[in-house]
Amino acid sequence: MASFDRRQFLQLAGFGGAVFMSGLAATAQTAPGGAAATAGEDFFFVQLSDTHWGFEGAPNPDARGTLPKAVASVNALADRPDFIIFTGDLTHTTDDPRERRKRMTEFRDIVAGLAVKDVRFIPGEHDAALDRGKAFKELFGATTYTFDHKGVHFIVLDNVSDPGAQLGEEQLAWLANDLQQQPPDARIVVFAHRPLFDLYPQWDWATRDGAKAVELLMPHANVTVFYGHIHQEHHHMTGHIAHHSARSLIFPLPVPGSQPKRTPLPWDPAQPYRGLGWREVGAEPGRAAYAIREFPVTRA
């Protein structure tokens, strides 16, 4: 695939991806360091998810090569994204605390090769459920936080450190307090690992108290949620709130309820890396639009 610039990406975003029109209202924000961000300035970020570093098995015979290939592919972008975010399951689960930290350290060293200064992380249940996020916090920092970028308010939620697959009352109170400081027309993007709605609870594709978070978000007119966990593209609306899941970088999972068990789809030697990928998300505040474009692991 040939390289193209940001404007070309925004023009072509309707092909192979989804375009979400959100009625975004431009508001002035202050960037880190005190510099005023230009209201209405377009930008884009990259979302990667479910790398499961440390996994080995038939569903991906190139398990140790897929993440470095994705890093190289992102670095090949003609324009640098404003930031990159990994939405959970950075590593594959292990009962051994020492091995868990080893995998996280290896993952961190690989993604240090990304040619973007601002790289952000949230945990998945494979990273955090067995120790309530202790190792993740040691290597990557907080599991919940907010940041503002060019007129958009970003919220990172943790629905994995609690082994009960919930946010919990303390985090919900934190979210409520943050949202009270945002005007009703604020442009808000939420990142989480699990879906906040009941996609398929039988397969753990839900957040037990996710409906409470959605209820808190509902009074705000311009909210979009990006998540991972289900290893496939999926687009869903709860009222006016759009939810978009990301592909995995290790193996795809089946369509919800399409088979008895949630087992990885088999590797196809004729189509290696099929179903794996990452995405660009372009924000055009001036035109009140988000554009999502999906990419395979490699861009060649």
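The values are calculated or read from the model by the stated rules, or taken from the named source; none is laboratory data. Remember, predicted model here, so these are calculated numbers, not experimental data. Every residue, glycine as well, gets a Cβ built from its backbone with ideal geometry; the counts of neighbours run over all protein chains shown. Just so you know, the surface numbers come from the protein's heavy atoms only, side chains and all, with ligands and any DNA or RNA stripped out. Shrake-Rupley method; radii C 1.70, N 1.55, O 1.52, S 1.80 Å.
Is there a quick way to get the dipole size of the range 216-300? I mean about its Cα centre, with the Cβ of Lys and Arg at +1 and of Asp and Glu at -1; what is the value in debye to the nearest 20?
140
To the nearest 10 Å², what's residue 229's accessible area with a 1.4 Å probe?
That residue has around 10 Å² of solvent-accessible surface.
Can you check what the net charge comes to around residue 273, using other residues whose Cβ is under 11 Å from the Cβ of residue 273 (Lys, Arg +1; Asp, Glu -1)? Walk me through the intermediate numbers first.
Working: positive: 69, 247, 274; negative: 62, 268.
For residues surrounding residue 273, the net value is +1.
Roll a 1.4 angstrom probe over the protein heavy atoms and tell me the percent of accessible area of the range 87-217 that is carbon or sulfur.
So the carbon and sulfur contribution to the accessible surface is 47 percent.
Any lysines with Cα under 17 Å of the residue 117 Cα? List them, leaving off those in the same chain fewer than 8 positions away.
Straight-distance partners of residue 117: 150.
Sequence neighbours fewer than 8 away in the same chain don't count; with that in mind, list the lysines whose C-alpha is under 16 Å from residue 102.
Within the straight-line cut-off, residue 102 pairs with 134, 137.
Normalised by the residues of the range 54-210, what does the relative contact order come to in percent, with Cα pairs under 8 Å and at least six apart?
The value is 19 percent.
Could you work out how far the C-alpha centroid of the range 189-243 sits from that of the range 65-87, in angstrom?
Value for the Cα centre distance between the two parts: 24 Å.
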